[in-house]
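> Sharing a structure, written as structure tokens. Questions coming.
The values are calculated or read from the model by the stated rules, or taken from the named source; none is laboratory data. Keep in mind it's a predicted model, so treat the numbers as computed, not measured. Cβ placement follows ideal geometry from the backbone for every residue including glycine, while neighbour counts extend to all protein chains displayed. Just so you know, the surface numbers come from the protein's heavy atoms only, side chains and all, with ligands and any DNA or RNA stripped out. Shrake-Rupley method; radii C 1.70, N 1.55, O 1.52, S 1.80 Å.
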Amino acid sequence: MDEIAALAAAASGYTILDAENFSTAVMDGYWLVKYYSPTCPWSRRFAPTWEKVYQDLEDRLAANGVFFAEVDCKANRAVCDAANIDGYPTVVFYNQGANKGEVPGGQSYEALVAFAQSI
């Protein structure tokens, strides 16, 4: 992803993370990062839920420095290994670059919304 595309994605509140932009992107603010594999049936099943959470909350949360992102673990294995991802999909919370662990109940719309609104 080139620098202009990365800036545009960050401005929108949703970012596609990879090995090149991961460490700098999550350094500022609060991040909910979905780790997934495009070949995983559970990841594909979770995608509409994740998209709905983002769409329902993006305007409120971006104003408070809360951002949504995703990492394709098939294409970015090193990023996922560094985050100790052992299954898909997994949603992890980052606070100013620090991995604070998996979001409890992270595949449920209700749990994700409640967690995101508590940040």
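> If residue 1 passes every condition in (1) closer than 15 Å to residue 119 by Cβ; (2) in contact with an Asp or Glu (Cβ under 9 Å, 6 or more places away or on another chain); (3) modelled with pLDDT under 90; (4) not aromatic (Phe, Trp, Tyr) but one, which one does it miss?
(1)
> To continue, here is another question. Going through 56, 72 one at a time, which residue ends up being within 17 Å of residue 16 (Cβ to Cβ) and surrounded by 12 or more Cβ atoms within 10 Å (Cβ to Cβ)?
Result: 72 is the single residue among 56, 72 that is within 17 Å of residue 16 (Cβ to Cβ) and surrounded by 12 or more Cβ atoms within 10 Å (Cβ to Cβ).
> Right, here's the next one. For the stretch 14-31, indicate whether the set of residues that are modelled with pLDDT under 90, open to solvent by less than 10 Å² (accessible area, probe 1.4 Å) and touching a strand residue (DSSP E or B) at 6+ places or on another chain (Cβ under 9 Å) is non-empty.
Yes, that holds for at least one residue.
> So how many residues does the stretch 80-112 have that are open to solvent by 20 Å² or more (accessible area, probe 1.4 Å) and in a helix (DSSP H, G or I)?
5
> Ok, one more. Filter the stretch 78-98 down to residues that are within 16 Å of residue 29 (Cα to Cα), polar (S, T, N, Q) and touching a strand residue (DSSP E or B) at 6+ places or on another chain (Cβ under 6 Å), then give me how many there are.
Within the stretch 78-98, residues that are within 16 Å of residue 29 (Cα to Cα), polar (S, T, N, Q) and touching a strand residue (DSSP E or B) at 6+ places or on another chain (Cβ under 6 Å) number 1.
> May I ask you to verify whether residue 54 is assigned to a helix (DSSP H, G or I), under 12 Å from the mean Cα position of the chain (by Cα), closer than 20 Å to residue 100 by Cα and of a type outside the set (Gly, Ala, Ser)?
The answer is yes for residue 54.
> Just name the residue that is surrounded by the fewest Cβ atoms within 10 Å (Cβ to Cβ) out of those in the stretch 59-69 that are at negative phi and not in a helix (DSSP H, G or I).
63
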